[in-house]
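What follows draws every value from the coordinates through simple rules; no lab data is involved. All values reported here derive from a predicted model rather than from experimental measurement. Ideal geometry is used to build each Cβ from the backbone, glycine not excepted, and the neighbour counts take in all protein chains shown.
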Amino acid sequence: MKNILALNLGGGTITLIVIAMVVVFLILYLISVYNKLIALRENVRNSMSQIATQIESRWDVITNLIGATSKYSEHEAKTLREVIGMRTGINRNSSAAEVLKDDQLFQQAMDRINVVVESYPNLKADSLYINTMNNVDKYENNVRNARMIFNDSVTKYNREILMFPKNIFAGMFGFQQEIYFKNSETKADMPQW
């Protein structure tokens, strides 16, 4: 019975089996690392999509205010339309720098609205203006929260591609660090309406 179960493997065969097992393990590990990096990168892109959605909603709210503005000053309403027309399309592949550029355009639009409000104080009492400014505050909070989620996703992704030995595989597959959002001077405080 013992002779039936005994395998007669030479030293070379055992070495080949061990090498094959190590190669299979490395391939499986490489696949696992690659899939994890893809998942983390997709989380970063999804987070940017959330920012894009909130920014688009924020712009839509301001666009609705043009009607109220035009009742008081057609020139300012026209200028506001031009600023809104310059906005960039933020999407899941946008960078933090592109979002910051869009924020600057949004701030220009808000500055224009403030000029109209200062010139026409009755606008401040207009229900459309009040509702719009409340919605702007809401979307500013939503954008801020989406940025925090984005930065958290970037942290997880960057940490994964920077840690040894995954950094070797990340470099081989072309994964690169993502850039965080930083709190800008204009975003340090919530706007007061």
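General remarks:
- Helical mean residue ellipticity (222 nm; -39500 (n - 2.57) per DSSP H run of 4+; nearest 500) of the chain: -26500 deg cm²/dmol
- Helix runs (DSSP H) in the chain reaching 18 Å along axis by Cα, Kyte-Doolittle at least 0.0: 11-72
- Size of charge dipole - region 36-87 - debye, nearest 20, with Cβ of Lys, Arg +1 and Asp, Glu -1, no other charges: 260 debye
- For V18 and M163, a Förster radius of 25 Å and the Cβ-Cβ distance give a FRET efficiency of 0.35, rounded to the nearest 0.05.
- The charge dipole of the chain, taken about its Cα centre with unit charges on the Cβ atoms of Lys, Arg (+1), Asp and Glu (-1) only, comes to about 860 debye.
- Which of M133, M163, F150, positive extreme of dipole for region 120-181 (C-beta unit charges): M163
- Within straight-line cross-link reach of K156, aspartates and glutamates at Cα separation under 15 Å, skipping those fewer than 8 residues along the same chain: E42, E178
- Of (1) 18.9, 60; (2) 27.7, 103; (3) 15.9, 47, the label for Rg and Dmax of the Cα atoms in Å derived from the coordinates: (2)
- The stretch between T155 and T63 holds 29.7 nm of extra length on full extension. This uses 0.36 nm per residue minus the Cα-Cα distance.
- Label-point gap, in nm, between K71 and S32 - each point 7 angstrom along Cα→Cβ: 6.4 nm
- Order by protection proxy (mean Cβ within 10 Å, highest first), peptides 43-56, 84-97: 43-56, 84-97
- Counting every other Cβ atom within 10 Å of each residue's Cβ, Y180, Y34 order from fewest to most as Y180, Y34.
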